[in-house]
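Nothing in this text is a laboratory measurement; each read-out follows from the coordinates by a stated rule. The structure presented is a predicted model; accordingly, all values stated were derived computationally and were not measured. Cβ sites come from the backbone with ideal geometry, for glycine too, and all protein chains shown count toward neighbours.
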Amino acid sequence: MSTVYIRFAAHGSDALQRSPLLEQLVARATTAVQVANWRADAFHVLAPGGTPMPPIAAAALLAAAGAGAGAWVCVATPVHLSAGMSSVTLPRDGVLDLGPSEADTLAADFNRVFGGAGMRLTVGRAAVLLCVFDATLEVEMHDPETVAGHDLFGFQPAGTDGPRLRRLMSEIEMWLFDHEVNRARMANSRPPVTGLWLWGGGNTPAAIPAVSGWTAGQDPFFAAFGSEQQWPQETGAGVVVCTQQPGSRGWLEVEQRWLAPAVAALKSGRIKKLELSAADRRISVAAGPTLRFWRRPRPWWESFEVTVGESNDFQ
């Protein structure tokens, strides 16, 4: 029997909504544990036995372009930044999704403008943008989910090559100003892309490590290992990444497509454990006598220690 790991968004907010199905599960679960890196935590569900996790962007690049595509790569996530009098912030809803045509247009124009500088923009699975470099870089970067809701000052790229990437990000902001993609987005009442947030970088290995299981969702890392659209008939180990927050407009679809089938698989014994992850917490639900039936459901954000009024996660 296998484990399924479901990751969902958890913004701190003054208008959080209850989720009865999720809260009933959590009431019958183990105590939440703190997790420093949820992707590494989830990766072990698919690759037990100490298989090293590749860099996030490297896995995405190899899945899209194959080996030999570049020496170093990072994810270039489109964002809508908010500029104040003395600071620039990535809002809670500032991480944007691109359509395939938008991603292709931006990549082609980036390569026209910045071509010849030892880097290029390419499009991975699920319209993920990847910035590929011909030489390796030494830089410390931050996942946008940890940046959302905060001033960017303390989250800029650091390290030996930090200044280079900071300059590039500034040049990208100027390039995007009044870009044709943004004119089209604004004409359709969609927020413009004001920057590309660079993160998840690393050297490109020769191949993606083998895993045993399935994945779903649009996460740039786990999309490299496949992407199921529905709960698979042969369950096995799996990782599902949902960008919706419990109680949000899209949460009902998450419940119907992923959470309800997970509960059914748990009850039938087709999976041995369900891992629920949000912010920096993970809660385990197992079948059988370990279920804590005496607990009364409480708001899900209390179980995951999401602070009301603060941003703790992405999207």
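Could you give the length gained by full extension between PHE153 and ASP93, i.e. 0.36 nm per residue of separation minus their alpha carbon distance, to one decimal place? List each step's numbers first, then the result.
Values: separation 60, 0.36 × 60 = 21.60 nm, distance 1.85 nm.
Roughly 19.8 nm would be gained on extension.
Filter the trypsin sites (Lys or Arg not before Pro) in region 149-218 to those in DSSP coil with at most 15 other Cβ atoms within 10 Å of their Cβ, and list the result.
Values: sites: ARG164, ARG166, ARG167, ARG183, ARG185; in loops: none.
Taking region 149-218 and a limit of 15 other Cβ atoms within 10 Å, no loop trypsin sites (Lys or Arg not before Pro) are found.
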query = For the chain, with the dipole built from +1 on Lys and Arg beta-carbon atoms and -1 on Asp and Glu ones, taken about the Cα centre, which of LEU274, PRO48, GLN17 lies farthest toward the positive end?
reply = LEU274
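Please work out the Kirkwood hydrodynamic radius for the chain, using every pair of different C-alpha atoms, and report it in angstroms with one decimal place.
Values: mean 1/r = 0.0488 Å⁻¹.
When all Cα pairs of the chain are included, the Kirkwood radius is 20.5 Å.
Below 8 Å between Cα atoms, with a sequence gap of 6+, how large is the relative contact order for region 68-203 in percent? Spell out each step's value before the answer.
Details: 237 pairs, mean separation 48.5, N = 136.
Across region 68-203, relative contact order equals 36 percent.
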ask   = Given +1 on the Cβ of Lys and Arg, -1 on the Cβ of Asp and Glu, and no further charges, what dipole in debye does region 68-203 carry about its Cα centre, rounded to the nearest 20?
value = 180 debye
remark   = Taking 0.36 nm per residue of separation between ASN111 and ASP134 and subtracting their Cα-Cα distance, the length gained on full extension comes to 6.9 nm
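Quick one: divide the alpha-carbon radius of gyration of region 170-295 by 2.2 N^0.38 Å and tell me what you get.
Working: Rg = 19.6 Å, N = 126, 2.2 N^0.38 = 13.8 Å.
Normalised Cα radius of gyration, region 170-295: 1.41.
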request  = Could you give the spread of the C-alpha atoms of region 8-76 along their three principal axes, from largest to smallest, in whole angstroms?
outcome  = 48, 33, 20
ask   = Which chymotrypsin sites (Phe, Trp or Tyr not before Pro) from region 174-217 combine a DSSP loop assignment with at most 11 other Cβ atoms within 10 Å?
value = PHE177
message = Of ALA187, CYS131, GLN156, which is farthest towards the positive pole of region 68-203's charge dipole, taken about the Cα centre with +1 and -1 on the beta-carbons of Lys, Arg and Asp, Glu respectively?
response = ALA187
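If you take the Cα Rg of region 68-203 and divide it by 2.2 N^0.38 Å, with N the number of residues, what do you get? Display every interim value, and only then the final one.
Working: Rg = 14.2 Å, N = 136, 2.2 N^0.38 = 14.2 Å.
Normalised by 2.2 N^0.38 Å, the Cα Rg of region 68-203 equals 1.00.
Counting Lys and Arg as +1 and Asp and Glu as -1, each charge on the Cβ, what is the dipole of the chain about the Cα centre in debye, to the nearest 20? It would help to have the intermediate numbers written out before the result.
Details: 26 positive and 30 negative charges, 226 e Å.
It works out to roughly 1080 debye.
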task = On a C-alpha basis, how far is the centre of region 32-81 from the centre of region 207-262 in Å? Whole number, if you could?
result = 15 Å
Sum of -39500 (n - 2.57) over DSSP H runs of 4+, divided by residues of the chain (222 nm, nearest 500) = -7500 deg cm²/dmol
ask   = P(r) for region 156-239: what percent of alpha-carbon pairs falls in each 10 Å bin, starting at zero?
value = 14, 26, 27, 25, 8
